[in-house]
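**Student:** Attaching a single structure in structure tokens format; questions to follow.
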Amino acid sequence: MVANWTREEIILACDLVSRNNWQGLRANTTQVQELSRLLQAAKIHPPETRHRGFRSPSSVQRKTYDIATQHPKYHRKPTRGNQLDAIILFEFLDDTARMQEEASSIRKRIENSIHEIDQK
């Protein structure tokens with residue numbers, strides 16, 4: 001069973017892309033590695049829906065390229081991604097500051113929930 005990317009997860013990935021001049025990011029970058037760790041620690045998906053490489057740096061890299069290649073100024077062949085990638089990308093293009101703020105809020109909410117679980 002594959003855990004599809006949620007709206008919140010895609011917003012976090014799109015936030016990285018928006019802050020990287022609408023370019024995808026490689027798995028070895030600090031930003032991708034941090035997002036990978038955050039998504040793996042988050043309780044968004046039940047453990048039984050997680051495959052071996054769940055939200056690994058490579059899968060986060062892939063998602064950033066899925067988003068970046070949907071950008072209107074990208075003129076080569078886009079990666080396959082999904083419809084939600086493009087929807088969220090255009091929400092970012094329409095109001096980048098608001099969407100970056102939403103991403104920050106999502107990140108804080110996930111971090112707080114992880115911290116609460118760790119303290120139990």
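**Student:** Filter region 1-60 down to the residues that are among the basic types (Lys, Arg) and not in a loop (DSSP other than H, G, I, E, B), then identify the one that is nearest to Glu116 (Cα to Cα).
**Tutor:** My answer is Arg37.
**Student:** If you don't mind, another one. Answer yes or no as to whether Pro57 is within 15 Å of the chain's Cα centre (by Cα) and closer than 23 Å to Glu111 by Cα.
**Tutor:** Yes, satisfied.
**Student:** Within region 29-82, restricting attention to residues that are modelled with pLDDT of 95 or more and small (Gly, Ala, Ser), which residue is surrounded by the fewest Cβ atoms within 10 Å (Cβ to Cβ)?
**Tutor:** My answer is Ser58.
**Student:** Against the conditions (1) hydroxyl-bearing (Ser, Thr, Tyr); (2) without any contact (Cβ under 8 Å) to a residue 24 or more places away in the chain; (3) under 26 Å from Asn112 (Cα atoms), where does Thr64 fall short? Just the number, please.
**Tutor:** Here Thr64 clears every test but (2).
**Student:** Okay, next question. Check whether at least one residue in region 94-113 is more than 15 Å from Asp15 (Cβ to Cβ) and either among the aliphatic types (A, V, I, L, M) or crowded, with 18+ Cβ neighbours inside 10 Å (or both), and report yes or no. Give the derivation first.
**Tutor:** Keep residues of region 94-113 that are more than 15 Å from Asp15 (Cβ to Cβ), which gives 112-113.
Narrowing further to those that are either among the aliphatic types (A, V, I, L, M) or crowded, with 18+ Cβ neighbours inside 10 Å (or both): none.
Looking through region 94-113, none of the residues is more than 15 Å from Asp15 (Cβ to Cβ) and either among the aliphatic types (A, V, I, L, M) or crowded, with 18+ Cβ neighbours inside 10 Å (or both).
The values are calculated or read from the model by the stated rules, or taken from the named source; none is laboratory data. As the structure is a computational prediction, the values presented were derived from the model and not from experiment. Here Cβ is always computed from backbone atoms with ideal geometry, including for glycine, and neighbour counts include all displayed protein chains.
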